[in-house]
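S.K.: This structure is in structure tokens; I'll ask about it shortly.
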Amino acid sequence: MDFSYAESFENYIIVKDIRNFDPYQVFSCGQCFRWNREENGNYIGVAHGRVIETEKKGNDLYLYNTNKQDFIDIWADYFDLYRDYGEIKDNLKKDEILKKAVKYGEGIRILNQEPFEMLISFIISSNNRIPMIKKVIENICESFGGKISYKGKIYYTFPTIPELSAAEEEDFRNFKAGFRAKYIKNTIDMLKNSRQDLDVIKKCSSCEALSHMLSFPGVGLKVADCIMLFSMKKTDSFPVDVWVKRAMNYFYKTGDISLKKIREYAGDKFGNLAGFAQQYLFFYMRENNIKI
């Protein structure tokens with residue numbers, strides 16, 4: 001892809017005239033846990049072993065603490081800049097019911113994150129609140145990740161499989177993972193012993209990938225769909241939690257049916273765009289605190 005619209009400067013990049021990207025919406029729609037808003041309104045995150053800072057000025061996106069090569073090799077894909085979100089939204093807005101949610105979340109993009117980080121993070125997320133999820137993940141990173149200094153502050157990378165395999169179940173309990181501690185430890189052991197391979201799973205069809213993901217301890221349908229959508233580019237995945245269930249009932253009058261049935265309904269209705277529809281619906285319902 002031609003990145004002539006990305007201007008490179010010392011230690012930062014300007015992505016010119018980028019539409020459909022709102023940092024608050026991107027980092028607040030339930031897909032990531034290691035991005036935080038700073039006092040100046042910028043967002044700082046840790047991903048791919050690096051610290052990166054984002055700022056939106058008008059239609060331009062500023063990426064600090066990076067360079068042109070890393071932008072091409074890492075960040076363009078991470079922020080899903082190859083994808084035409086205008087076309088996605090035009091297709092979804094053909095559904096008159098969904099149109100309002102799409103318009104409300106104009107700046108949402110799906111991040112392409114690292115599968116191992118997403119697997120562990122979403123096991124932690126099960127029946128958990130976002131502040132606690134973030135705290136558990138930070139505890140893990142501070143104990144087993146690598147240190148990075150940025151603007152006088154220390155950040156920590158998400159550990160690799162070999163790094164985290166040194167942890168015991170008791171460590172995860174001490175990190176406040178609760179009942180999820182045994183799931184995390186057993187999942188890491190599966191990966192360490194090559195009983196599953198996330199790189200192989202990522203290349204599978206969505207149906208095959210789902211079957212593999214459900215073999216991990218503590219991974220049910222919702223968690224599996226989150227991992228596949230946010231790190232494996234399975235955009236037909238449709239994670240269903242309480243907010244999405246409310247959204248489907250609010251918009252489509254699905255009633256009190258199972259999460260599996262809602263997932264199947266969304267798959268039939270939205271096809272390969274189901275994951276994008278889920279993000280717009282989730283953000284709309286949560287931000288407006290709509291309860292049914």
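The values are calculated or read from the model by the stated rules, or taken from the named source; none is laboratory data. All figures in this text were calculated on a predicted structure; none of them were measured in a lab. Virtual Cβ from ideal backbone geometry, glycine too; neighbours counted across all protein chains shown.
S.K.: Check the stretch 214-233 and report whether any residue there is at pLDDT 95 or above, assigned to a helix (DSSP H, G or I) and either charged (D, E, K, R) or over 25 Å from ALA101 (Cβ atoms) (or both).
M.R.: Yes, that holds for at least one residue.
S.K.: Something else: Suppose we filter LYS89, LYS134 for residues that are in a helix (DSSP H, G or I), modelled with pLDDT of 95 or more and not assigned by TED's automatic domain parsing to the domain that holds PHE216; which single one remains? Give the derivation first.
M.R.: Numbers: LYS134 fails: not assigned by TED's automatic domain parsing to the domain that holds PHE216.
Residue meeting the stated conditions: LYS89.
S.K.: Could we say that ILE184 is surrounded by 15 or more Cβ atoms within 10 Å (Cβ to Cβ) and either of a type outside the set (A, V, I, L, M) or part of a helix (DSSP H, G or I) (or both) here? Step through it out loud before you land on a result.
M.R.: Working: surrounded by 15 or more Cβ atoms within 10 Å (Cβ to Cβ): yes; either of a type outside the set (A, V, I, L, M) or part of a helix (DSSP H, G or I) (or both): yes.
Yes.
S.K.: Under the condition of being free of Cβ contacts under 8 Å to residues at least 60 places away in the same chain and under 29 Å from PHE79 (Cβ atoms), which residue from the stretch 246-260 is surrounded by the fewest Cβ atoms within 10 Å (Cβ to Cβ)? Don't jump to the end; show me each part of the working.
M.R.: Residues of the stretch 246-260 that are free of Cβ contacts under 8 Å to residues at least 60 places away in the same chain, as a first pass: 246, 248-250, 253-260.
Still in the running and under 29 Å from PHE79 (Cβ atoms): 246, 248.
Values: ARG246: 18, MET248: 27.
If we take residues in the stretch 246-260 being free of Cβ contacts under 8 Å to residues at least 60 places away in the same chain and under 29 Å from PHE79 (Cβ atoms), then ARG246 is surrounded by the fewest Cβ atoms within 10 Å (Cβ to Cβ).
S.K.: Do you know which of the residues in the stretch 191-208 that are hydrophobic (A, V, I, L, M, F, W, C) and not in a loop (DSSP other than H, G, I, E, B) is nearest to ASP236 (Cα to Cα)?
M.R.: The selected residue is CYS207.
Rundown of residues vs (1) in the same structural domain as ILE137 (by TED's automatic domain parsing); (2) in a helix (DSSP H, G or I); (3) over 18 Å from the mean Cα position of the chain (by Cα); (4) hydrophobic (A, V, I, L, M, F, W, C), yes/no style:
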site: ASP189; (1), (2), (3), (4): yes, yes, yes, no
site: LEU210; (1), (2), (3), (4): yes, yes, no, yes
site: ASN249; (1), (2), (3), (4): no, yes, yes, no
site: ILE257; (1), (2), (3), (4): no, no, yes, yes
site: LYS269; (1), (2), (3), (4): no, yes, yes, no
site: PHE282; (1), (2), (3), (4): no, yes, no, yes
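S.K.: Here is a further query. From the residues in the stretch 97-141 that are closer than 19 Å to THR187 by Cα and aromatic (Phe, Trp, Tyr), which one is surrounded by the fewest Cβ atoms within 10 Å (Cβ to Cβ)?
M.R.: Selected residue: PHE116.
S.K.: Show the residue pairs meeting these rules: Cβ distance below 6 Å; 6+ apart or different chains; first residue within the stretch 153-180 and in contact (Cβ under 8 Å) with a residue 60 or more places away in the chain; second residue part of a strand (DSSP E or B) and crowded, with 16+ Cβ neighbours inside 10 Å.
M.R.: Short answer, once both residue conditions are applied: TYR155/VAL46; TYR155/VAL51.
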